[in-house]
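Note sheet for the following structure.
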Amino acid sequence: MEEKSIKIIEEKIVALYEIWNSELRDNQKIDSIQYIEDMELIPERFQTTTFVVKGTEEIMNEQGEKENRDWIELYDENNIKIGKINKFGELEFQKDYIEILKERFGEYFSKLGIQEDTRIPFKEIMEKNQTKQQHRMTEKEIKQYLKKSKEVLQGEQDDKENVVKEIMEKRGIPQNRYLTVREDSNFYKDHPELTKEGLTFYEDKDGIIKVGYINENGEWEDSQFIEPSRTQTYTIVDIGKDGSQVEEIVPYQVMDTKGLNTDGDVRDVKIIVTIEQGYLSVKEARQGQNGKWSAHEIEVQGRDYNEHEINEVTSMETGEADPDKHTDAYEKLENTNIEEDGIQYNEMELVEHADEIIKKFQKQGYSKEEAIDIFNYMIGEEKLTENQAKERVEKERTQEKQEEQEEERTPWGDAERRERRY
């Protein structure tokens, strides 16, 4: 395999590891991820580039002792779960994935030979794909890759930061009046047309906010996509960097944009500037189809990253961005409150503060999966109280453990566990 191909594949494996690893339960871990190009899942009928994710989870056996159980899941290159390997060592296709294939292949879907009850021995699949281009990374190798990448990125960022600092000093701009966008910010993922070379928002001596960057010749140049600021009154629903303080704000300055990427749910993009405790702060504001504006923080050097959930719901790269959801929800719920256990939740917080509330449940001893289930029951159709949601989840977990223990008592016992190991 060519060096360039390996590098591209490793980048994909590492990127997907970061997504999957953040979604695991507390008792689970990933052992390795294997890339297989054009993997034949149904011989001579269906093939797709596949990531085979292998891991372990800690469980309690029927003797009340802890033991590790192996698990294997398959994903396609778009991070869509294809299926899992069951206790008999067979591939079971995910129902959602089957629906995706039905939509993709239309009238030809039936020729694939895939149904909800389709079961294929995973060992046979792996044997038939031995000659396919593939690459495997263990968790240790992935972590080493991440560490090295961060060190290289940090070194490059430090160099650019020093260049920007020198330019700002020459222009007489104090440190609290300029902000440089992080190179790994979602701002660049949503707007790939922007340069990553030291893109900086700064306030000049006349109080105008401008944007510049270091061009390919190492010279400072004004951005062609973001215009100098002007004073304009907008009422904007701001979800910030973590959704913990959803509020309506009126910005200090507004910057128009031209040529920035938008999608079907985003009509226009502006940059809004606020002054917080004497320091410059910049947010990306998007206009929805309802004509109203919603904003979130732009990730900049020296400030905290946005919470993962905020980047997910505002991502234009994945098509999740929909400003109408935030503005409509704010208007509908801003005066509605839920109180439980002496804590008052604004219902908007239950929608926007998911990460904070889920972490609270985890601190109370619930696993991440259980915490998410509790949260979902609180915002679902039934709108259970916190105590009711916890009771529901605890009952479900007790039932699941009983079913698992019944499975462990089956005649095939140890044979099942051996079959799960490859």
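The values are calculated or read from the model by the stated rules, or taken from the named source; none is laboratory data. A quick note: this is a predicted structure, and the numbers were derived from the prediction, not measured. Glycine also receives a Cβ, built like all others from the backbone with ideal geometry; neighbour counts cover every protein chain displayed.
If a residue must be touching a residue at least 40 places away in the same chain (Cβ under 8 Å) and surrounded by 13 or more Cβ atoms within 10 Å (Cβ to Cβ), how many such residues does the stretch 384-400 contain?
2
Looking for something loosely packed, with under 14 Cβ neighbours inside 10 Å and at pLDDT 50 or above - is there at least one such residue anywhere in the stretch 341-359? Give the derivation first.
From the stretch 341-359, those loosely packed, with under 14 Cβ neighbours inside 10 Å are 341-344, 359; that's our starting set.
Of the ones still in play, those that are also at pLDDT 50 or above are 359.
Yes, the stretch 341-359 contains at least one residue that is loosely packed, with under 14 Cβ neighbours inside 10 Å and at pLDDT 50 or above.
Looking only at residues in the stretch 128-158 that are within 22 Å of residue 215 (Cα to Cα) and among the hydrophobic types (A, V, I, L, M, F, W, C), which one is surrounded by the most Cβ atoms within 10 Å (Cβ to Cβ)?
Within the stretch 128-158, the match that is surrounded by the most Cβ atoms within 10 Å (Cβ to Cβ) is 153.
Any idea which residue in the stretch 17-60 is surrounded by the most Cβ atoms within 10 Å (Cβ to Cβ), counting only those that are acidic (Asp, Glu) and under 14 Å from residue 77 (Cβ atoms)?
Once the filter is applied, the top-ranked residue is 37.
So which residues in the stretch 369-398 are closer than 21 Å to residue 308 by Cβ and at pLDDT 80 or above, if there are any at all?
369, 370, 371, 372, 373, 374
Out of (1) among the aliphatic types (A, V, I, L, M); (2) in contact with a helix residue (DSSP H, G or I) (Cβ under 9 Å, 6 or more places away or on another chain); (3) modelled with pLDDT of 90 or more, what's the single condition that is false for residue 126?
Here residue 126 meets the rest and fails (2).
Looking at this structure, is residue 161 surrounded by 13 or more Cβ atoms within 10 Å (Cβ to Cβ) and modelled with pLDDT of 90 or more?
No, not satisfied.
Is it the case that some residue within the stretch 168-176 is at pLDDT below 90, at negative phi, touching a helix residue (DSSP H, G or I) at 6+ places or on another chain (Cβ under 9 Å) and crowded, with 16+ Cβ neighbours inside 10 Å?
No; the residues of the stretch 168-176 include none that is at pLDDT below 90, at negative phi, touching a helix residue (DSSP H, G or I) at 6+ places or on another chain (Cβ under 9 Å) and crowded, with 16+ Cβ neighbours inside 10 Å.
Can you name the strands (runs of 3 or more DSSP E) wholly within the stretch 56-104 that have at least 3 residues being under 22 Å from residue 120 (Cβ atoms) and in contact with a Ser or Thr (Cβ under 7 Å, 6 or more places away or on another chain)?
Counting at least 3 such residues, we get 66-76.
How many of the residues in the stretch 1-10 are in contact (Cβ under 8 Å) with a residue 12 or more places away in the chain and over 20 Å from the mean Cα position of the chain (by Cα)?
Total meeting the criteria: 3.
Going by what's in this entry, would residue 317 be described as in a helix (DSSP H, G or I) and either at pLDDT 85 or above or assigned by TED's automatic domain parsing to the domain that holds residue 178 (or both)?
no
Go through the stretch 109-122 and count every residue that is surrounded by 13 or more Cβ atoms within 10 Å (Cβ to Cβ) and assigned to a helix (DSSP H, G or I).
3
Out of 36, 19, 13, 30, I need the residue that is under 18 Å from the mean Cα position of the chain (by Cα) and in a strand (DSSP E or B). Which one? Step through it out loud before you land on a result.
Details: 36 fails: under 18 Å from the mean Cα position of the chain (by Cα); 19 fails: in a strand (DSSP E or B); 13 fails: in a strand (DSSP E or B).
Step by step, each of 36, 19, 13, 30 is checked, and only 30 is under 18 Å from the mean Cα position of the chain (by Cα) and in a strand (DSSP E or B).
Give the number of residues within the stretch 162-176 that are over 13 Å from residue 212 (Cα atoms) and out of contact with any strand residue (DSSP E or B) (no Cβ under 6 Å at 6 or more places or on another chain). Don't jump to the end; show me each part of the working.
Initially, the stretch 162-176 is screened for residues over 13 Å from residue 212 (Cα atoms), giving 162, 166, 169-170, 172-176.
With the extra rule that they be out of contact with any strand residue (DSSP E or B) (no Cβ under 6 Å at 6 or more places or on another chain), the set shrinks to 162, 166, 169-170, 172, 174-175.
Residues meeting the conditions: 7.
Could you run through the stretch 178-205 and say how many residues are surrounded by fewer than 20 Cβ atoms within 10 Å (Cβ to Cβ), closer than 30 Å to residue 266 by Cβ and over 25 Å from the mean Cα position of the chain (by Cα)?
1
A quick yes/no check of all residues on (1) under 24 Å from residue 16 (Cα atoms); (2) without any contact (Cβ under 8 Å) to a residue 24 or more places away in the chain; (3) outside the structural domain of residue 312 (by TED's automatic domain parsing):
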residue	(1), (2), (3)
92	yes, no, yes
113	no, no, yes
121	no, no, yes
127	no, yes, yes
135	yes, no, yes
140	yes, yes, yes
